[in-house]
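Working notes for the structure below.
The values are calculated or read from the model by the stated rules, or taken from the named source; none is laboratory data. As the structure is a prediction and not an experimental result, all values here were calculated from the model. Quick reminder, even Gly has a Cβ in these numbers, built from the backbone with ideal geometry, and neighbours come from all protein chains shown.
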Amino acid sequence: MVHFRSLLFAISLVCGSFSISGYAGTPSVTVKGSEEVVELFFSAAKIGNVEVLQEFLKHGFPVDIQDHSGYSALMMASYYGQKDAVKTLLQYNANRCLRDKRGHTALMGAIVKAEWSIAKQLRQVDCDANAEKTGQLTAEQFAIQFGQQQRLKQIQPSVSN
């Protein structure tokens, strides 16, 4: 079995490295050479491979990188019910409040899939403060669309609204 550090080294040789730039606190990430590196990171989140996620993150890979649809690894892990991956990503300060291009958060992905233990983890931070100002759905409005409003109320955020 190939050790994952060796795999990362091989990827960096073939694809180059990634660089982080940005303005006003909003990083922009460029993976030079190929999107396969980002896909590997997202796949690890999707299948719950915590070891691979940790290797990426230990080496400075940006936890909040988003794909062409605006999905993040946290969104993927939440949607696919990967509790340990969600926990790991949150330990590396993944932004629970990121929204994809349709305005959906990781919490909304957990609601769709009825992943309530993950939703409870994500709900510890209230991401709805600016939703109405920007014309996006709140978690409660989203839950109503899926008939999950009562269930969502059972996991109110631990912060004050």
Query raised in the report: Considering only region 63-111, how many residues are farther than 16 Å from residue 125 by Cβ, of a type in the set (Lys, Arg) and surrounded by 18 or more Cβ atoms within 10 Å (Cβ to Cβ)?
Result: 0
Query raised in the report: Is one or more of the residues making up region 148-158 over 26 Å from residue 92 (Cα atoms), surrounded by 12 or more Cβ atoms within 10 Å (Cβ to Cβ) and of a type outside the set (S, T, N, Q)?
Result: yes
Query - In region 36-62, the residues that are among the small types (Gly, Ala, Ser), buried (at least 17 other Cβ atoms within 10 Å of the Cβ) and part of a helix (DSSP H, G or I) - result: 44, 45
Query raised in the report: Could you list, in sequence order, the residues of region 66-95 that are touching a Phe, Trp or Tyr at 6+ places or on another chain (Cβ under 7 Å) and not acidic (Asp, Glu)?
Result: 73, 76
**Report entry** Filter pass, residue 137 being of a type outside the set (Asp, Glu), touching a residue at least 40 places away in the same chain (Cβ under 8 Å), farther than 22 Å from residue 47 by Cβ and not in a strand (DSSP E or B)
**Finding:** no
Query - Breaking point among (1) more than 18 Å from residue 47 (Cβ to Cβ); (2) basic (Lys, Arg); (3) not in a loop (DSSP other than H, G, I, E, B), for residue 87 - result: (1)
Report summary line: Note: among 139, 114, 143, 129, just one is more than 14 Å from residue 77 (Cα to Cα), aliphatic (A, V, I, L, M) and surrounded by fewer than 18 Cβ atoms within 10 Å (Cβ to Cβ), namely 129
Query raised in the report: Taking the condition at pLDDT below 95 and not in a helix (DSSP H, G or I), does residue 104 pass?
Result: no
Query raised in the report: Quick one: what pairs do we get from region 103-118, first residue touching a residue at least 40 places away in the same chain (Cβ under 8 Å), second surrounded by 16 or more Cβ atoms within 10 Å (Cβ to Cβ) and part of a loop (DSSP other than H, G, I, E, B), C-beta under 9 Å, 6+ apart or different chains?
Result: 111/148; 118/81; 118/82
